[in-house]
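Report on the structure given below.
No value in this document is a laboratory result; all are computed from the given coordinates. This one's a predicted model, so the numbers in the text were calculated from it and none came from an experiment. We place every Cβ from the backbone using ideal geometry, glycine too, and count neighbours over all the protein chains shown.
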Amino acid sequence: MIPDDQTNKLFLADCLPKKYPDFFRDLEKVLQKCELEYALLPNTKDIWARDYMPVQIGESQFIQFIYDPDYLKTKKGLKTISDVDGICNAIQIERMKSDLVLDGGNVVKTHDAVLMCEKVFSENPRFERKSLEQKLRELFEVEKLWFLPQQPEDFTGHADGMVRFLDKNTLLINDYSGESKAFQKVFDSAIESTGLDTIKIPYHPYRNKSNDQANGIYINYLQMQNTLIVPVYGLPEDEQVVYVFEQLFKGQKIEILDCNEIAKEGGVLNCISWTVR
């Protein structure tokens, strides 16, 4: 697998600057400061490129899953599904196609391991659990495959809003102390089963008017080779989060970006970015 910190090319949906020009202008400034170049994916219909673009396994290995999320199972929602074949052909990305339904935002990876939310099982009901697990291990070429419970208020069921790998032995996880005891118990149990060390990251979406909003979720940062762009929201927790990341990612370029505008739509920086090596 290609971890986030080994990626060196960034793609963004071409509809992002059209739909959110102010946010995109600020993002461009931060990318320039970090000396990160980017390209726009052509003919996209929504900004969440991570979810519908292929998952990179090796430098020339990409797997294209079926993008068919239940939260878009409406007539209006279908209009936002991009033609991934057309996009990949346009940017000349060869990929292997899988018959599994899976959003890229539900794939959190490091060199030899993948973490996912259990939503993948309900999205692929024709497979028995053990069979699906083995199929995923073969596709990702890993033995370590772990599953998390879906956060009750998260309609997407994506793992990239819950955990990220700091390195192959350490997970960054949301501080869910404000969540229900029932969820904390099943989440903690799932994390303990990995055997990995953990570091808690502040998590504070509790001022949001809707559960569909991602404001206050910091773990959905943009990470590339030697670079970290951290979402901030004008919340008291911002300062603590930036300090924590500065300690964890010492020696790397770290910048912040106000992400309130896109977070209101349900996602943050990892969601809008497709990073590859």
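Just to check I understand the Karplus step: with θ = phi - 60° and J = 6.51 cos²θ - 1.76 cosθ + 1.60, what whole-Hz values come out for the stretch 53-62, glycine and proline as x?
Taking θ as phi minus 60°, the curve returns 7, x, 9, 7, 9, x, 4, 10, 10, 10 Hz for the stretch 53-62.
With contacts defined as alpha carbon pairs under 8 Å and 6 or more residues apart, what's the relative contact order of the chain in percent?
Once divided by the residue count of the chain, the mean separation gives 23 percent.
Tabulate in residue order the Karplus-calculated ³J(HN,Hα) for the stretch 141-149, using 6.51 cos²θ - 1.76 cosθ + 1.60 with θ = phi - 60°, rounded to whole Hz; enter x for Gly and Pro.
6, 9, 9, 8, 9, 10, 10, 10, x
By count of other Cβ within 10 Å, fewest leading, how are 204, 111, 158 ordered?
Least to most surrounded, the residues fall as 111, 204, 158.
What is the local net charge at residue 117, summed over the other residues whose Cβ is closer than 12 Å to its Cβ (Lys, Arg +1; Asp, Glu -1)?
It works out to a net charge of -4.
For residue 44, which sequence-distant residues (separation of 5 or more, or a different chain) have an amide H within less than 5 Å of its own amide H, given hydrogens modelled in the peptide plane?
Sorted by chain and number, the residues that satisfy this are 14, 15.
Name the long-range amide H neighbours of residue 93: under 5 Å, sequence gap of 5 or more, or other chain; modelled H, no Pro or chain starts.
none
Among 18-29, 49-60, what's the highest-first ranking by average C-beta atoms within 10 angstrom per residue?
Answer by packing, highest mean first, reads 49-60, 18-29.
Under 5 Å between amide hydrogens, which residues at least 5 positions from residue 257 or on another chain qualify, with H placed 1.01 Å from N in the peptide plane?
Result for residue 257 returns 230, 232.
What percent antiparallel are the DSSP beta bridges of the chain, to the nearest 5?
Just about 45 percent of them are antiparallel.
Could you compute how fast the stretch 4-276 diffuses translationally, taking Rh as the Kirkwood radius over C-alpha pairs and applying Stokes-Einstein at 37 °C with viscosity 0.692 mPa s? Give it in µm² per second.
The calculation lands on 173 µm²/s.
So for 96, 116, fewest C-beta neighbours within 10 Å to most, what's the order?
Placing the least packed residue first, the sequence is 96, 116.
How large is ³J(HN,Hα) for each residue in the stretch 183-196, as worked out from phi by the Karplus curve 6.51 cos²θ - 1.76 cosθ + 1.60 (θ = phi - 60°), to whole Hz, x for Gly and Pro?
Calculated HN-Hα couplings, in order: 5, 4, 5, 6, 5, 4, 5, 5, 5, 4, 5, 6, x, 8 Hz.
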